[in-house]
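Just below is one structure, and these are the notes that go with it.
Bear in mind these aren't lab numbers, they're just calculated from the coordinates by the rules spelled out. Quick caveat, the model's predicted, so the values are computed rather than measured. Glycine gets a Cβ as well: all are built from the backbone with ideal geometry, and neighbour counts include every protein chain shown.
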Amino acid sequence: MSAADERRHVVVVGAGPAGLAAAVAARGRGARVTLLDASDELGGQYWRHLPVSRPAARERILHHGWDAFTALRARLAADDGCEIVTGAQVWAIERPAEPGAPVGATSDDHAADAPERAQPAAASAAAVAVAVVHVLVGAVDGSGRTPLTLRPDALVLATGAHDRTLPFPGWDLPGVFTAGAAQALAKGERVAIGDRVIVAGAGPFLLPVAVSLVQAGARVVGIHEAARVPSLARGWLRDPLGLARAPHKAAELAGYVSVLARERIGYSTGSAVVAAHGTDRVEAVTVQRLDATWAPIPGTERRIAVDAVCVGHGFTPRLELPIAAGCRIGSDRFVEVDAAQGAGPVGVFAAGEITGIGGVDQALAEGEVAGHCAAGGSPSDAAVAPAVRRRAVAHDVAGRIEAAHGIRPGWTGWLRDDTLACRCEEVPVGRIRATARAARSTDLRSMKLATRAGLGICQGRVCGRTVEELLAGEAPAAGCAPAGSAPAEAAPALPGSPSAAPAGPGSDRRPIASPVRLGELAAAYDLRDAGPPSLAAAAPGVDDPPPGVDERADGRGDPPPGADPSPVADPPRDPAPPTTPAPASTTDRKDLP
């Protein structure tokens with residue numbers, strides 16, 4: 001370990017299994033670590049905590065690997081070299097125009113207001129920082145969030161994933177929950193989403209969710225897995241010796257199966273909830289057999305009375321920050337990494353579910369390798385050899401999951417024209433299809449402007465993939481814009497602006513990764529002289545202004561025909577008081593007024 005490694009500052013975004021493992025590994029090489037998480041507690045969704053009023057002993061019963069979590073948490077809590085910042089919303093990442101170039105040239109350092117957080121110039125990485133990480137610390141619905149600016153030598157992204165749910169008629173009824181939400185209530189609050197619950201979707205995650213619901217007091221009337229037996233066999237039974245390298249997975253499966261058998265819960269394959277029925281809330285569902293493409297088979301419908309539905313069709317990685325950081329995004333919509341978990345730009349690493357859905361074993365192994373390499377190590381070092389071996393096994397399991405449970409295109413066959421594709425803006429499937437045909441274009445941005453699909457409170461996180469897949473089914477006419485997302489290659493970077501992000505997949509590209517108030521921006525930036533930071537992305541075909549519109553910094557646009565094109569002078573104002581430049585700092589913070 002060199003002296004440079006000991007001065008190295010590593011920022012880890014996300015404190016789930018991957019982020020915790022990365023932070024511990026980076027500290028193991030002597031790097032200073034700042035660990036950020038939006039939650040008030042460490043552990044992420046996998047190690048979600050019970051309320052403080054609940055007995056702590058229950059945590060070990062409700063969570064797999066709880067001892068591993070408590071060991072990681074205790075090690076970081078006792079380490080002065082790791083700063084843990086919870087309630088931290090990373091709202092933007094700014095990257096250099098060229099590798100190794102300075103970043104954040106126009107950023108307000110704030111170091112003079114927080115000298116205790118400044119560091120000696122010799123240890124400063126401001127000149128070679130891999131990115132500027134913009135953070136707001138505090139309750140999302142609070143009014144006193146504190147801006148925090150980080151300029152690390154290395155950045156580890158472990159932002160995780162959220163539920164993917166395929167829409168169906170009635171999925172907007174009260175009582176229909178995602179699998180993740182149902183488990184979060186069951187594990188975090190000991191609340192069941194209903195008395196008679198049906199669990200449906202695809203993937204092994206359905207099993208622990210059903211068990212959590214049973215433990216919370218619900219009666220699970222059945223589990224309906226969309227994948228058929230041949231698909232499950234191709235995924236899970238290929239190379240049985242390879243699967244034998246993960247015996248703990250078999251033990252975990254046996255535990256779930258024993259609960260299902262004890263509770264007499266049926267498990268149906270090649271079956272899906274294709275409709276939910278009710279007036280004020282869900283009262284029943286229709287389940288139907290599916291063919292190999294997941295298209296419903298006529299004449300196999302069956303109605304089941306329930307008061308809650310739990311659906312989940314896998315997970316969607318949270319790519320806003322990886323895209324902003326310039327990471328490589330593969331055609332499968334996951335971050336592409338190398339043997340060191342490097343994600344493309346020098347000094348940027350990725351670990352966990354954003355690289356592929358492989359469960360906690362993959363997250364822990366990838367996080368350890370990423371943290372070690374972010375702190376100056378190599379994946380060939382003996383210190384991470386066990387993690388590299390565990391990672392290989394976990395990647396094999398991840399490949400089996402995708403082969404067995406991957407979404408097939410026939411699912412759109414259970415949609416009706418009045419089925420909502422975008423619940424936030426109440427945009428039905430029929431409107432999207434009709435608009436695509438009428439406009440002779442399946443461009444994602446055009447569809448947003450024409451229908452508002454993806455412009456609601458979730459900003460396309462729930463419906464984005466669905467809209468893309470619906471558009472992919474509408475063949476574009478010759479010479480028209482193709483279906484799907486924006487180009488994946490990086491757009492030109494804009495130094496000093498959080499908008500310096502590559503184009504990335506269209507529905508996952510959000511230069512503003514989390515909600516930010518205008519007042520918070522005004523407090524974090526000197527808007528009198530520089531103006532607000534431009535957050536309009538420089539991504540051709542995604543956020544370009546309509547033809548003929550000039551998006552000038554002054555916001556005036558083109559003058560009317562025949563008008564004087566000279567700019568209108570701003571009213572006079574008092575000059576800004578002279579300031580003393582703050583010393584360069586890797587970690588900058590200023591309290592809001």
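Roughly how many Å is it from the Cα centre of the stretch 304-356 to that of the stretch 143-169, as a whole number?
Rounded to whole Å, the Cα centres lie 11 Å apart.
Among the DSSP beta bridges whose two residues both lie in the stretch 195-348, what percent are antiparallel, rounded to the nearest 5?
Within the stretch 195-348, antiparallel bridges account for around 50 percent of the total.
Step through the residues of the stretch 392-400 one at a time and calculate ³J(HN,Hα) from phi using the Karplus curve (6.51 cos²θ - 1.76 cosθ + 1.60, θ = phi - 60°), rounding each to whole Hz and writing x for Gly and Pro.
Couplings: 4, 5, 5, 5, 5, 5, 4, x, 5 Hz.
Neighbouring Cβ atoms within 10 Å as the yardstick, rank Leu518, Leu76 fewest first.
Numbers: Leu518 9, Leu76 20.
Placing the least packed residue first, the sequence is Leu518, Leu76.
Could you pull out which residues in the stretch 338-355 have an amide N less than 18 Å from a spot 7 Å beyond the Cα of Ser380, following the Cα-Cβ vector?
338-342
How big is the gap, in Å, between the Cα center of the stretch 379-422 and the Cα center of the stretch 243-299?
18 Å
Using alpha-carbon pairs under 8 Å, 6+ residues apart, how would you state the relative contact order of the stretch 406-458 in percent?
Details: 48 pairs, mean separation 17.1, N = 53.
After rounding, I find 32 percent.
What order do you get for Tyr256, Tyr46 when you list them from fewest to most C-beta neighbours inside 10 Å? Kindly include the intermediate steps, with their values, before the conclusion.
Numbers: Tyr256 17, Tyr46 20.
Listed from fewest to most nearby Cβ atoms, that is Tyr256, Tyr46.
By counting other Cβ atoms within 10 Å of each Cβ, how are Val516, Val306, Val337 ranked from fewest to most?
Details: Val516 19, Val306 26, Val337 23.
Ordered from fewest to most neighbouring Cβ atoms within 10 Å, Val516, Val306, Val337 come out as Val516, Val337, Val306.
Modelling each spin label as a point 7 Å along the Cα-to-Cβ direction, I'd like the Leu237/Ala78 distance in nm, to one decimal.
Those two pseudo-labels are separated by 4.9 nm.
How big is D for the stretch 150-267, in µm² s⁻¹ as a whole number, if Stokes-Einstein is applied with the Kirkwood radius of its Cα pairs at 25 °C and 0.890 mPa s? Provide the component values of the computation, followed by the final result.
Details: Rh = 16.4 Å.
Value of D from the Cα-based Kirkwood radius: 149 µm²/s.
How far is it, in nm, from the label point at Asp40 to the one at Glu263 when both lie 7 Å from their Cα along the line to the Cβ?
2.9 nm
Extension gain Asp291-Arg196, at 0.36 nm per residue separation less the Cα-Cα distance, in nm? Walk me through the intermediate numbers first.
Details: separation 95, 0.36 × 95 = 34.20 nm, distance 2.72 nm.
Roughly 31.5 nm would be gained on extension.
Pull out the extension gain between Glu189 and Val346, defined as 0.36 nm times the separation in residues minus the alpha carbon to alpha carbon distance; nm, one decimal. If you can, show how the numbers build up before the last one.
Numbers: separation 157, 0.36 × 157 = 56.52 nm, distance 4.15 nm.
Gain in length upon complete extension: 52.4 nm.
What nm distance separates the two modelled labels at Arg437 and Ala250, each placed 7 Å from Cα along Cα→Cβ?
Placing both labels 7 Å along Cα→Cβ, they lie 5.3 nm apart.
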